[in-house]
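The values are calculated or read from the model by the stated rules, or taken from the named source; none is laboratory data. This is a predicted model, so every value here is computed, not measured. So basically every Cβ, Gly included, is an ideal-geometry build from the backbone, and we count neighbours across all protein chains shown.
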Amino acid sequence: MSLTPDYQLQRNPFGKLIFTGSDGEAKEAVPVRAFPIGAPDEGIALVDPHGHELAWVERLSELPAPLRELIESELASREFMPAIERIVDVSSFATPSTWTVATNRGETKLILKGEEDIRRLPGPALLIADNNGIQYLIRDRYGLDTHSRKILDRFL
Amino acid sequence: MTSRTSTRIAASSHPATAEIKESPLPLPEMWKSQVETQMDDNEKILAWLEIDLDTQLRFTKGVVVLTSRHLLARSEESADWQSLELRPGLKLTRRDHAGVGSLELFDQEGRRALWRYTLQLDVAAGRLIDRFTRQLEFLATGALTPPPAHALCPKCETPLLAGQDECPVCSKEELTPPSTWTLFRLWRFARPYRWQLLAGFLLSLATTAATLVAPYLTMPLMDKVLIPYQNGKPIDTGLVTLYLSGLLGAALLAWVLGWARTYILALVSERIGRDLRTTTYEHLLKLSQEYFGGKRTGDLMARIGSETDRINLFISLHFLDFATDVLMITMTTLILVSINPWLALVTLLPLPVIAFLIHTVREKLRTGFERVDRIWAEVTNVLADTIPGIRVVKAFAQESREAARFRAANQHNLEVNDKVNRVWSLFGPTVTLLTEIGLLIIWAFGIWQISRNDISVGVLTAFLAYIGRFYTRLDSMSRIVSVTQKAAAGAKRIFDILDHVSSVPEPANPVHLPAVTGRIELRNVGFRYGTRSVTRDISLTIEPGEMVGLVGHSGSGKSTMVNLICRFYDVSEGAILIDGVDIRSVPVAEYRKHIGLVLQEPFLFFGTIAENIAYGKPDATREEIVAAARAAHAHEFILRLPHGYDSLVGERGQALSGGERQRISIARALLIDPKILILDEATSSVDTTTEKEIQKALDNLVRGRTTIAIAHRLSTLREANRLVVLDRGSVVEVGSHDELMAREGHYYELYQAQARNVDTENGSEGNEEGEEE
């Protein structure tokens, strides 16, 4: 089903999303996922630069297509959580350790400062924060290949 | 008592006395040749930034080059250069979100270009922007503003202090893994006891030698006494007495030496353990707030407690045992070979097999034990989480959930242990089996040799006696595998702490400040926690004796600012100066002596009230303590307690109310008589009546001191000379209450919001602003 919201969204030449509410006031807006890991497509808030909520989207799929695409493209350009598909190599099993990983966004190196930077998410997922604070996601640690799993096991 | 200085918002306006010659670092070869094709003859490269992401946020290398007339960019994957001519009206900005930085080029109409990079390049991006802005200025006016005059770290732009060659921020980041030879680093702790250790070693050697005498004597006993007797000769009593007393003597000697050895080693072991624990704890205390924020209490407790114990046992017992075992085996081998080389060869046959076994099991066990350690820390973590929060657990009736959590952690522990034990348990019996097989081989080969009259029965007996000991030693040697791995794992975790350099480093060339006036200056202060920049470009000067109130929503950076001023953290950008001296060049402990801190949740240590008041000045006299308590309006309620100033407080001690605790902590701050006073929500956890009493105490405290106060209730900041309004990490307004009200800006809104809530406020809550969100 598709609800027609009482607001409008546009992208201005400065690359920002502009929110026009029912009162006709135009503001810059940024989409934010409320549960970026648990339920990425549910609960998306549009907030103004001061962090005040302008609108709440229960489910992305409820929005009319143009609006949804606009929000999705903005989210895509803001979100950076490479998903690790393979662990190629690690410099050592003692931290800090430099990992060479293949992600869905290409191959890169990350520095793991300590085992405590590996966060266990519900289910088989893991979230790894590197020394610059970039979050790497492992969706299913049992689904990795044997080599990667063996390496990962040493840190868990 | 104060002069009203306005906030300095202007960026580093210090006149450049000496111009630093600007030359960009050379561009990497792969880009250089290509860039040159894009440039005119007299165009020069001014700055560049190698980016590591493309606009779709994929890991791709790219470069942005600033020349004297253009901004050139290319990514590895596209062949074309993007060329943008420099012209007035262009603006280059950077922002970051979730670990990704964006560099954007705007003109009046819109965005002209966008580049992305991971945050490690953020500082370099900042440099590019700075150079870009100055170049535009140069093109417009013809004059080039010189770069900031003070020396900056080339890597991260932290201003270097006088006498500092190496940047404290960059050098602290130790990102190489510790070497596998961690155990040898323990020598540092064993060194003071090297003579005792040597004595212990020599004693073990002597003990071993003494025990080797006995099997040797079985040989003549057999050959010269028993066999001749069986062949019809009488027993030579003298000879028997001689051999038997030899056996007894060797046994007694081994007993005495063994006792001395064990005693000395036990003494040394305890001392090494003590040193290791104390050193680790002392180092831990010196680490910055940041370190404690990232670690869990249970884990740190386990490291200092059980890990050190394991290590000192290793150094003093297992390692020495291993060394003597090796010697013992060498000595036995020599004796065996000297008696009969062939039989010796057969005896030693299973040795390589055992060595191989030890080697294969080693790898498996090491990872296993590391996991056991981590899991154990997990178990203690559950306890450390739950016990302090027991009120919440009980209030929400979640005991069974917490029990389940503990059970799950224990279960996990059990599983990991089971896995390790499966390998480990196989290990011992296998060694025993090999021992038996070895004995079997010697019996078989020995009997065959006796039948050929190559050796006597005595020799075989001696061999069998030796080999019993020999394999026992191998067995105990095999244990070294596990203890070494355990100790190495423990040592790594200890050195993790010891190697951690405090992120608020002690200055190399300290400037001493015996007395301060209390003038605080914040110069373009920025602080970044992980990828989140918490405060940005704050400039503020606080005059001696002035009281400044920090106001803002929660999360606006008030507490961060206080933490930075206290130097619990070091600034990421800019500098904080006290009396004109960068606080990073003053020894930490000396600097904090000038600061009195009163927190929202006063922490009382276990001890008497007097001890708690004198916490910052342990040698304070009773008169001083009472005077401080009087000034803090704590004297009277203390006297009402059954034991007065000697009443016990803290954990399991006398129950004190929030207001009472707070007044004790105020007395604590008063006693050290600091020039700078920081009140972090000092009154927000108490009701309004108590607040009034605390306020009276605070008025005494504030007098004559530079004071920085954070308060949710704006009414408590009436006394402040100036209010600094923070919003999302930046200073947005500065002025007195009246000025700010007249301005009708941020402060006005905050004040109005609170005024509306005053009716509903029941006096014990301080979360009015939260509801405004």
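Of all residues in the range B:76-97, those satisfying the criterion of being more than 29 Å from residue A:30 (Cβ to Cβ), in contact with a strand residue (DSSP E or B) (Cβ under 6 Å, 6 or more places away or on another chain) and either within 14 Å of another protein chain (Cβ to nearest Cβ) or not in a strand (DSSP E or B) (or both) are B:76, B:81. Within the range A:27-44, restricting attention to residues that are away from chain B (no Cβ under 14 Å) and closer than 16 Å to residue A:12 by Cβ, the residue that is nearest to the chain's Cα centre (by Cα) is A:29. In this structure, does residue A:67 turn out to be in contact with a strand residue (DSSP E or B) (Cβ under 9 Å, 6 or more places away or on another chain), of a type in the set (A, V, I, L, M) and either facing chain B (nearest Cβ under 9 Å) or in a strand (DSSP E or B) (or both)? Against the criterion (in contact with a strand residue (DSSP E or B) (Cβ under 9 Å, 6 or more places away or on another chain), of a type in the set (A, V, I, L, M) and either facing chain B (nearest Cβ under 9 Å) or in a strand (DSSP E or B) (or both)), residue A:67 does not qualify. Within the range A:45-64, residues that are within 14 Å of another protein chain (Cβ to nearest Cβ) sit with their Cβ atoms under 6 Å from residues that are assigned to a loop (DSSP other than H, G, I, E, B), at 6+ positions apart or across chains, in these pairs: A:54/A:48. Checking the structure you have, find out if any residue of the range B:262-279 is within 14 Å of chain A (Cβ to nearest Cβ), over 30 Å from residue B:433 (Cα atoms) and within 20 Å of the chain's Cα centre (by Cα). Within the range B:262-279, not a single residue is within 14 Å of chain A (Cβ to nearest Cβ), over 30 Å from residue B:433 (Cα atoms) and within 20 Å of the chain's Cα centre (by Cα). Against the test of being within 11 Å of chain B (Cβ to nearest Cβ), under 26 Å from residue B:728 (Cβ atoms), among the basic types (Lys, Arg) and surrounded by 15 or more Cβ atoms within 10 Å (Cβ to Cβ), the options A:11, A:78 yield a single qualifying residue, A:78.
Each residue in the range B:579-635 was checked for being small (Gly, Ala, Ser) and within 19 Å of residue B:704 (Cα to Cα), and 6 pass. The residue list B:436, B:415 contains one member that is modelled with pLDDT of 85 or more and surrounded by fewer than 17 Cβ atoms within 10 Å (Cβ to Cβ), which is B:415.
If only residues of the range B:201-254 that are under 26 Å from residue B:266 (Cα atoms) and small (Gly, Ala, Ser) are counted, the one that is nearest to the chain's Cα centre (by Cα) is B:204.
The residues in the range B:531-565 that are surrounded by 20 or more Cβ atoms within 10 Å (Cβ to Cβ), within 14 Å of chain A (Cβ to nearest Cβ) and in a strand (DSSP E or B) can be counted, and the count is 2. Of the set (1) more than 16 Å from the chain's Cα centre (by Cα); (2) surrounded by fewer than 16 Cβ atoms within 10 Å (Cβ to Cβ), all apply to residue A:91 but (2).
The residue of the range A:14-26 that is surrounded by the fewest Cβ atoms within 10 Å (Cβ to Cβ), among those that are more than 14 Å from every other protein chain (Cβ to nearest Cβ) and among the small types (Gly, Ala, Ser), is A:24. Scanning the range A:91-108 for residues that are aliphatic (A, V, I, L, M) and more than 9 Å from chain B (Cβ to nearest Cβ) gives A:101, A:102.
When B:623, B:660 are checked against the criterion of being in the same structural domain as residue B:681 (by TED's automatic domain parsing) and in contact with a Phe, Trp or Tyr (Cβ under 7 Å, 6 or more places away or on another chain), B:660 stands alone in meeting it. Name the residues in the range B:284-308 that are touching a helix residue (DSSP H, G or I) at 6+ places or on another chain (Cβ under 7 Å), surrounded by 16 or more Cβ atoms within 10 Å (Cβ to Cβ) and more than 14 Å from every other protein chain (Cβ to nearest Cβ), would you? The answer is B:284, B:304, B:307, B:308.
Of the candidates B:512, B:500, the single residue that is within 13 Å of chain A (Cβ to nearest Cβ), in a loop (DSSP other than H, G, I, E, B) and of a type outside the set (Gly, Ala, Ser) is B:500.
State whether the residues of the range B:225-236 include one that is farther than 22 Å from residue B:450 by Cα and free of Cβ contacts under 8 Å to residues at least 12 places away in the same chain. Yes, there is a match, as at least one residue in the range B:225-236 is farther than 22 Å from residue B:450 by Cα and free of Cβ contacts under 8 Å to residues at least 12 places away in the same chain.
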